[in-house]
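The values are calculated or read from the model by the stated rules, or taken from the named source; none is laboratory data. Please read these numbers as outputs of a predicted model, since none were measured by experiment. Using ideal geometry, Cβ is built from the backbone for each residue, glycine included, and neighbour counts are taken over all protein chains shown. These area figures cover heavy atoms from the full protein model, side chains too; ligands, DNA and RNA do not enter into them. Shrake-Rupley method; radii C 1.70, N 1.55, O 1.52, S 1.80 Å.
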Amino acid sequence: MKFIVGLGNPGKKYAGTRHNVGFDVLEILRRRWQAGTGRTQFQAEVVEVAAPAFRGAGSAAAAVAAEKVLLIWPQTFMNLSGSSVLAARDFYKVSPTDILVICDDFAIPLGRLRIRPFGSAGGQNGLADVLKRLGTNNIPRLRIGVGPLPPGWNAAEFVLGRFTATEQTEIDIQLQRAADAAALWAGTGDLSAAMNQYNTAGN
């Protein structure tokens with residue numbers, strides 16, 4: 001089994017904010033894989049998908065391997081996201097390398113994705129909590145650029161804000177690319193392939 005964890009804050013108040021792009025990517029995957037409604041477990045909304053056909057296009061097209069994928073939307077609010085991931089990890093006994101965390105990053109410009117197999121949280125509090133609770137930095141992560149932080153802005157206010165109309169057009173493209181990258185990883189287990197294809201500003 002593989003986990004794809006999208007970080008965000010629950011509730012309509014936070015829908016569409018920069019901080020919720022992880023949730024948004026999971027919604028794209030849910031629709032693509034026709035996964036339907038999920039269940040509440042591990043202080044999260046979870047959807048279990050068995051070998052779904054990935055309906056992407058071009059070089060990202062692939063079939064998810066014959067194993068289950070668990071989509072996880074932690075409902076603990078961003079800064080406590082790790083409690084959900086830890087509970088799911090303990091239940092299913094998955095390896096840290098079989099967990100992909102998707103989150104926003106205001107230190108990365110809008111229009112860029114950054115996939116890494118390990119490393120620090122880089123100031124992203126939700127990711128930091130996941131790493132802390134699981135006791136390892138060796139957890140793959142896909143950061144979606146929502147920056148840069150405008151001069152004089154408070155970081156918390158910025159990430160809890162919404163995109164401008166122009167930014168929304170760009171982020172919609174990047175959310176689709178992030179879903180492509182997550183599906184490629186889930187289908188092949190090859191994080192390097194996802195990194196090589198999606199750690200760029202283009203296509």
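With respect to the conditions (1) modelled with pLDDT under 95; (2) within 16 Å of the chain's Cα centre (by Cα), F54 falls short on a single one, namely (2).
Regarding S120, is this residue at pLDDT 95 or above and within 24 Å of G11 (Cα to Cα)? Break it down into steps so the answer makes sense when it comes.
Numbers: at pLDDT 95 or above: yes; within 24 Å of G11 (Cα to Cα): no.
No; evaluated as a whole, the condition is false for this residue.
Please work out which residue is nearest to M78 (Cα to Cα), limiting yourself to the range 109-157 and to residues that are assigned to a helix (DSSP H, G or I) and open to solvent by 60 Å² or more (accessible area, probe 1.4 Å).
Looking only at the range 109-157, we keep the residues that are assigned to a helix (DSSP H, G or I), and these are 125-134, 155-157.
Within this subset, residues satisfying the condition of being open to solvent by 60 Å² or more (accessible area, probe 1.4 Å) are 125, 132-133, 157.
Details: N125: 7, K132: 14, R133: 14, E157: 14 Å.
Taking the candidates together, the pick is N125.
Using the structure shown, decide if V49 is modelled with pLDDT under 85 and on the phi < 0 side of the Ramachandran plot.
Numbers: modelled with pLDDT under 85: no; on the phi < 0 side of the Ramachandran plot: yes.
Criteria not met by V49.
For first residues located in the range 1-24 and more than 13 Å from A44 (Cα to Cα) and modelled with pLDDT of 95 or more, partners that are among the basic types (K, R) and surrounded by fewer than 24 Cβ atoms within 10 Å (Cβ to Cβ) and lie 6+ apart or on another chain with Cβ distances below 8 Å form the pairs G16/R162; T17/R162; R18/R162. Looking across the range 93-108, the residues that are open to solvent by 60 Å² or more (accessible area, probe 1.4 Å) and either within 15 Å of N137 (Cα to Cα) or of a type in the set (F, W, Y) (or both) come down to T97, F106. Please work out which residue is surrounded by the most Cβ atoms within 10 Å (Cβ to Cβ), limiting yourself to the range 57-82 and to residues that are modelled with pLDDT under 95 and more than 17 Å from I99 (Cα to Cα). This residue is A60. V85: in a helix (DSSP H, G or I) and touching a strand residue (DSSP E or B) at 6+ places or on another chain (Cβ under 6 Å), yes or no? So V85 fits the description; yes.
Residues in the range 83-92 that are open to solvent by 50 Å² or more (accessible area, probe 1.4 Å) and either at pLDDT below 95 or of a type in the set (A, V, I, L, M, F, W, C) (or both): F91 only.
Looking at F163, is it modelled with pLDDT of 95 or more, surrounded by 16 or more Cβ atoms within 10 Å (Cβ to Cβ) and more than 12 Å from the chain's Cα centre (by Cα)? Answer is yes for this residue. Residues in the range 2-26 that are loosely packed, with under 15 Cβ neighbours inside 10 Å and within 17 Å of S84 (Cβ to Cβ): G11 alone.
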